[in-house]
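Report on the following structure.
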Amino acid sequence: GGAQPLYPYGAVVDRQGRIWFTSRAGTRRNLGYVNPATMTFTEVAQAPANLIAYGLAYYLSMDGTQELIFVADSDNGRLYRYNINANTWTFVNTPGTPRGVAADINGNIWVAAYQTSPGWQGACNRNFWRYDTSLGGFTQYLSPTGSCYMGIGVTFDNAIWGIAGGGSK
């Protein structure tokens, strides 16, 4: 109908089966979810004005009391955190251009680093970052092959996998 279109880029599923994403529409940059049973979008929070979302990760604390959505903002070199329970946004600057994000079972957020400098500056690299959920800092890791990482995932046995945009592996 007359509803403004949404332009999602990246999505993540929470423990209730809701599909979360942010819209990348020019004037409607909000965070919300789609209920797959009804295909209805529910807006939860207005995203920060300058957030341009790429990858998203969902984190649930071991005791089930804390739910967080992490969003990679490649254009501004930031990792945003949305606290579902508190309805608050926070962010940290990243050491490069973040793309994909994934959460592991130990409370870490893994980030695929596309370039060496924030905001599409610098050269492609082989970096991944590990970030703790308390927003305490980044630890850098190098992949043995590939470059320009765009996606990242964590398997059930806690192995980290990356999707490279450059290189052959």
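The values are calculated or read from the model by the stated rules, or taken from the named source; none is laboratory data. Given the structure is predicted, the values throughout are model-derived calculations rather than measurements. Here the Cβ is made from the backbone with ideal geometry for all residues, glycine too, and neighbour counts use every protein chain on show. Calculation scope for accessible area: heavy atoms of the full protein, side chains included, ligands and nucleic acids excluded. Shrake-Rupley method; radii C 1.70, N 1.55, O 1.52, S 1.80 Å.
Values as computed for the structure displayed
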{"read-out": "Tyr149, sole failed condition from (1) open to solvent by 50 Å² or more (accessible area, probe 1.4 Å); (2) in contact (Cβ under 8 Å) with a residue 40 or more places away in the chain", "value": "(1)"}
{"read-out": "Subset of the stretch 138-169 [touching a Ser or Thr at 6+ places or on another chain (Cβ under 6 Å) and farther than 14 Å from Ala112 by Cβ]", "value": "Lys169"}
{"read-out": "Residue satisfying all of: in the stretch 26-50; within 20 Å of Arg99 (Cβ to Cβ) and more than 14 Å from the chain's Cα centre (by Cα); least open to solvent (accessible area, probe 1.4 Å) among these", "value": "Pro48"}
{"read-out": "Selection count where residues are open to solvent by 30 Å² or more (accessible area, probe 1.4 Å) and in a loop (DSSP other than H, G, I, E, B), scope the stretch 51-92", "value": "11"}
{"read-out": "Residue selected from the stretch 152-169 under the condition of a type in the set (Gly, Ala, Ser) and in a loop (DSSP other than H, G, I, E, B), by the criterion most open to solvent (accessible area, probe 1.4 Å)", "value": "Ser168"}
{"read-out": "Residues of the stretch 10-41 classified as farther than 27 Å from Ile163 by Cα and in contact (Cβ under 8 Å) with a residue 24 or more places away in the chain, total", "value": "2"}
{"read-out": "From the options Pro144, Pro95, residue that is open to solvent by 20 Å² or more (accessible area, probe 1.4 Å), within 16 Å of Ala72 (Cα to Cα) and part of a loop (DSSP other than H, G, I, E, B)", "value": "Pro95"}
{"read-out": "Given (1) surrounded by fewer than 20 Cβ atoms within 10 Å (Cβ to Cβ); (2) assigned to a strand (DSSP E or B); (3) small (Gly, Ala, Ser), number of the condition Gly136 does not satisfy", "value": "(2)"}
{"read-out": "Single residue of Tyr59, Tyr80 found to be touching a residue at least 40 places away in the same chain (Cβ under 8 Å) and touching a strand residue (DSSP E or B) at 6+ places or on another chain (Cβ under 7 Å)", "value": "Tyr59"}
{"read-out": "Residue that is modelled with the lowest pLDDT, among those in the stretch 98-133 that are assigned to a loop (DSSP other than H, G, I, E, B), open to solvent by less than 30 Å² (accessible area, probe 1.4 Å) and not small (Gly, Ala, Ser)", "value": "Thr133"}
